[in-house]
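The values are calculated or read from the model by the stated rules, or taken from the named source; none is laboratory data. Remember, it's a predicted structure, so these values are computed and weren't measured experimentally. Reconstructed Cβ throughout: ideal geometry from the backbone, glycine too, with neighbour counts over all protein chains shown. Heads up: the accessible areas ignore ligands, DNA and RNA and are worked out on the full protein's heavy atoms, side chains in. Shrake-Rupley method; radii C 1.70, N 1.55, O 1.52, S 1.80 Å.
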Amino acid sequence: MDLQNTVKGALNALYHHPDDAVRMQADQWLQEFQRTIDAWQVADNLLHDVTSNQETLIFCSQTLRSKVQRDFEELPSEAFRSLRDSLNTLLRTFHKGPPKVRTQISLAVAALAVHVPAEDWGDGGILNWMRDEMNSHPEYIPSFLELLRVLPEEIFNYKIAARPDRRRHFEQELASSMEVALGILTACLNIIEFKEQVLEAFASWLRLRHRIHASMLASHPLVLAALSALTSDVLSEASVNVISELIHYTSAKSADDVSSQLPLIQVIVPRVMSLKGQLRDPSKDEEDVKAIARLFADMGDSYVELIATGSDESMLIVQALLEVASHPEFDIASMTFNFWHSLQMILTERDSYASLGDEASIQAERNRRLQFCSSYESLVSMVSYKVQYPADYSEMSKEDLKDFKQNRYAVADVLIDAAIVLGGEVTLKILYMKLVEALSCCGKDNCTDWRPPEAALYCIRAISDFVPPVEAEIMPQIMSLFPKLPHQTQLLHTVCLTIGAYSKWLDASASGLSFLPSVMDILVSGMSISEDSAAAASLAFRHICDDCGKKLCGSLDGLFQIYQRAVIAESAFKVSAEDSLHLVEALSKVITELPSEHAKKAIEALCLPAVGSLQEIINKAPFNDLPKASRELTVHIDRLANIFRHVNHPEAVADAIHKLWPIFKTIFDLLPWHMRTMESLCRACKNAVRTSKRLMGVTVGAILEEIQKLYKLYPQPCFLYLSSEVIKIFGSDPSCADYLKILIETLFSQTTFMLTQIQDFTARPDIADDCFLLASRCIRYCPQLFFPSPVFPPLVDCSMVGVTVQHREASNSILNFLSDLFDLGNSGRGEVYLSVRDSVIIPRGATMTRILVASLTGALPYSRLESVTYALLALTRAYGPRALEWAKDSVSLIPTTAVTELERSKFLQALSEVASGGNVNALRLPIEELSEVCRRNRTVQDIVQGALRPHELHIVPVS
């Protein structure tokens, strides 16, 4: 009783106390209380207490539902009957509400049925029990109808801590009792006030697909009731849900499926098609129109294979879907978008015609299906209006603007589907006519509305990948229109992006060269109007220089002028530091097209603004305003990094980095502890290494010497990822062996010294991530340096300590490193080091296996299961019977209260098959099921992890 009063007091504090701190404390206490075993009795008592208020009832019903779902195993087996009877009493008590409480009680009963087999439930299982209860107590039908609705849904509720085998058996039990369920619902159908509830429950049972033959359903009273409800003035939501489920129920992927589902399809389709006229009926409520549109969209998605045959009946459905697509409400029109994509896939993919056999038959069928072209042409016209900015766009909230942009992306995808079916040229003609129509009321100086031409250009940009680069009819007309358009911000933004999207056309078309001066002028204007238009213009500039680089080599001086104006802070350009990188890349692409003898000079000119600025900033050291100085440094270093990445002249880049090294070394020495600056600097060095490769030999030596020295004092993760790139390029070069050996020993010894317990990994996951990425690179590119090194054994120990770190990237890098070790025998270069590897792995194998088993059973999140599984598979393949013994010893530690002998043996049998060279895919299901069983609730997970103790294991030292 004291505990019940405490719960009531905590709930009162949670909902009514004025102090936030007290409310938070009450909430925390209530959450902890729900996890206790006392919560069973307290929640049950308070639900039966007539003095409990609604807040108490809702909390206790949620608690009881959660306890049944997650903690049913806490109860002794004999408690089932009393729990079932108590829940039954509560169902009756709350048959008239509150609805939230009744739903929670229904979910608790359903969860109980998932846990308890039909033979243990008694009375022939839960369905027969429900039927008897409803016959005996018809006044409580509302509660039992709610239970009947939620029951099939709980098959797919993985919050219920049931074992996989039991979940499968429960689905079979419900499937075999489906006729009983539908019999109960049919009996209740005649009670008018329950009709909505009956249909909602029927829709829920239909999600157990293909349990009743379509011919039986076609004349079933429940189906007929749902269909008849479609003709009422106000659409019943429940009946729409039933018809929607019936449509999905009859979806067919083959001719045999079609013939078996045809009786039901022939009943459904005419009834739904009769609703088409209501799509445009102004008297219809918007929710009703949305419901009708949903049914047409469901038919399109479910019957797309049938529709693609192009029969007269299917074309009627296509016309209805076009009607939906033309609806002014985007939420309604977009319901059809998935259908148009699926239909496009069927019409264009060769696999769709494979069954026809010979080429002549395939071509004949393709030609016959050309009738869909007119539908896609209509679709293009309809959806192109939906990307137009609303009149009040300037007043839109950030969230609404984000939704609008997402809608535009969705329309762009539909236009791409249409272009794939129709061809880019046909689609472009349709959209060009929309542009001309929009411009008829918009002159250069007197634009009454910029929004329609902007929308048409957005659509034209969306299909750019499908317009042939040599298209000669429409694109020249569009390009000639651009200089005539007003420089309204959003319109100019889209014009710039469209220019960039057609950069390949500007390069390949016979008339493309003539348009380059005018489009470059537009881009320069874009850079000076607003930040948005400057961002679009910079991106377009990059695309044009990338695709038209050879044509622009003679205009390098003009391009340099644009670049210099953009990167000088005092200029009128509004190009951000981030967007200026597009310009750097653009010039780099053009320089790539220059002859080698001219490239060095051009790179110097491109680097000059950044180099001069860096020198100026360095001269001001020490810095009074470090954040500002760092921002200024990284802007210029990032520009140099982009140059080194995109100028494909290895010798010229090697020469540039060599000349720049004194400045870089100064920055390394000035700010080695500042992560952002070091990351930027290391990225520049990495890009130079990647481009110049072995031509950078002398400078690389100086870089390695610098980062080795700094890493001991300032362990920045970027020093590790720069080293990874060096290892990839120089790892197999014998002349660099001494350098690299010292490098990896320095970096790994320092890292293993830092990461000695799991808390260290949690505190510095970035170091762990890059360390083990580097280790994997060493296995692949310099095993001759890595395996004989004294740092190899400590690094393996380090991986075992940190593999269960919760940080995703760090954990995955460690797991990938272990997998690479285990897979060493698959590598030609690694085979000679197997004995060295085994001398380290075998003494640790039992512990390593135990850690992996702990990881898949709860030490790591479920999302990491695939990586853990692969590591365990690789270990098993590498060590065969020995690995099986390790695995057997590990899983034997898990108590039988958590994992049964059958579940254990399934897992070990699958491992045994993999060890014998069997199919590795066979192991995935047993691993997933063992993982699910061990994570089914917090209590079980604690038991499993307490038995395996991954963080308490002692690492076996190797002599």
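Test of understanding: among Asn45, Asn88, which residue is assigned to a helix (DSSP H, G or I) and either buried (at least 19 other Cβ atoms within 10 Å of the Cβ) or free of Cβ contacts under 8 Å to residues at least 24 places away in the same chain (or both)?
Exactly one residue qualifies, and that residue is Asn88.
Taking the range 368-416 as the range and being surrounded by fewer than 20 Cβ atoms within 10 Å (Cβ to Cβ), closer than 27 Å to Ile346 by Cα and within 21 Å of the chain's Cα centre (by Cα) as the test, the residues that pass are Gln406, Asn407, Arg408, Tyr409, Ala410, Ala412, Asp413.
Does His543 meet the test of being assigned to a helix (DSSP H, G or I) and within 31 Å of the chain's Cα centre (by Cα)?
Details: assigned to a helix (DSSP H, G or I): yes; within 31 Å of the chain's Cα centre (by Cα): yes.
Against the criterion (assigned to a helix (DSSP H, G or I) and within 31 Å of the chain's Cα centre (by Cα)), His543 qualifies.
With the requirement that a residue be within 18 Å of Gln31 (Cα to Cα), surrounded by 19 or more Cβ atoms within 10 Å (Cβ to Cβ) and not hydroxyl-bearing (Ser, Thr, Tyr), what does the range 63-85 give you? If the condition is that a residue be within 18 Å of Gln31 (Cα to Cα), surrounded by 19 or more Cβ atoms within 10 Å (Cβ to Cβ) and not hydroxyl-bearing (Ser, Thr, Tyr), then Leu64, Arg65, Lys67, Val68, Gln69, Arg70, Asp71, Phe72 are the ones that fit. Picking from residues in the range 8-39 that are among the β-branched types (Val, Ile, Thr) and either loosely packed, with under 12 Cβ neighbours inside 10 Å or assigned to a loop (DSSP other than H, G, I, E, B) (or both), the one that is nearest to the chain's Cα centre (by Cα) is Thr36.
When you scan the range 93-130, how many residues do you find that are touching a helix residue (DSSP H, G or I) at 6+ places or on another chain (Cβ under 8 Å), surrounded by fewer than 20 Cβ atoms within 10 Å (Cβ to Cβ) and not polar (S, T, N, Q)? Going through the range 93-130 one residue at a time, the tally reaches 10. Taking residues in the range 219-244 that are outside any helix (DSSP H, G or I), and partners anywhere that are open to solvent by 50 Å² or more (accessible area, probe 1.4 Å), the pairs with Cβ atoms closer than 7 Å and at least 6 places apart or on different chains are Leu230/Arg271; Ser236/Glu196.
In this structure, is Thr751 in a helix (DSSP H, G or I) and either among the β-branched types (Val, Ile, Thr) or open to solvent by 10 Å² or more (accessible area, probe 1.4 Å) (or both)? Don't jump to the end; show me each part of the working.
Values: in a helix (DSSP H, G or I): yes; either among the β-branched types (Val, Ile, Thr) or open to solvent by 10 Å² or more (accessible area, probe 1.4 Å) (or both): yes.
In short, yes.
Of all residues in the range 932-946, none are in contact with a Leu (Cβ under 7 Å, 6 or more places away or on another chain) and in a helix (DSSP H, G or I). For Pro881, the criteria (1) over 20 Å from Cys934 (Cβ atoms); (2) at pLDDT 95 or above hold in every case but one, which is (2). The requirement of being of a type in the set (S, T, N, Q), at pLDDT below 90 and within 35 Å of the chain's Cα centre (by Cα) is fulfilled somewhere in the range 906-920, by at least one residue.
Being surrounded by fewer than 19 Cβ atoms within 10 Å (Cβ to Cβ) and within 28 Å of Gln54 (Cα to Cα): is that true of Glu133 here? Quick ask: steps written out before the conclusion?
Details: surrounded by fewer than 19 Cβ atoms within 10 Å (Cβ to Cβ): no; within 28 Å of Gln54 (Cα to Cα): yes.
Considered against the rule, which asks whether it is surrounded by fewer than 19 Cβ atoms within 10 Å (Cβ to Cβ) and within 28 Å of Gln54 (Cα to Cα), Glu133 comes out as no.
Among the residues making up the range 879-938, those that are surrounded by fewer than 16 Cβ atoms within 10 Å (Cβ to Cβ) and of a type in the set (Val, Ile, Thr) are Thr896, Thr897, Thr900.
Within the range 211-255, if we keep just the residues that are under 21 Å from Ala297 (Cα atoms) and acidic (Asp, Glu), the residue that is surrounded by the most Cβ atoms within 10 Å (Cβ to Cβ) turns out to be Glu245.
In this entry, Asp465 is excluded by the filter for residues that are closer than 20 Å to Val411 by Cβ, surrounded by fewer than 18 Cβ atoms within 10 Å (Cβ to Cβ), free of Cβ contacts under 8 Å to residues at least 60 places away in the same chain and in contact with a strand residue (DSSP E or B) (Cβ under 9 Å, 6 or more places away or on another chain). Give the residue, chosen from Ser580, Ser528, Ser555, that is touching a Lys or Arg at 6+ places or on another chain (Cβ under 8 Å), over 16 Å from His487 (Cβ atoms) and part of a helix (DSSP H, G or I). Step by step, each of Ser580, Ser528, Ser555 is checked, and only Ser580 is touching a Lys or Arg at 6+ places or on another chain (Cβ under 8 Å), over 16 Å from His487 (Cβ atoms) and part of a helix (DSSP H, G or I).
May I ask you to verify whether Val272 is open to solvent by 20 Å² or more (accessible area, probe 1.4 Å) and in a helix (DSSP H, G or I)? First the steps, then the outcome.
Working: open to solvent by 20 Å² or more (accessible area, probe 1.4 Å): no; in a helix (DSSP H, G or I): yes.
Against the criterion (open to solvent by 20 Å² or more (accessible area, probe 1.4 Å) and in a helix (DSSP H, G or I)), Val272 does not qualify.
Restricting attention to the range 391-426 and to residues that are among the acidic types (Asp, Glu) and assigned to a helix (DSSP H, G or I), the residue that is modelled with the lowest pLDDT turns out to be Glu395.
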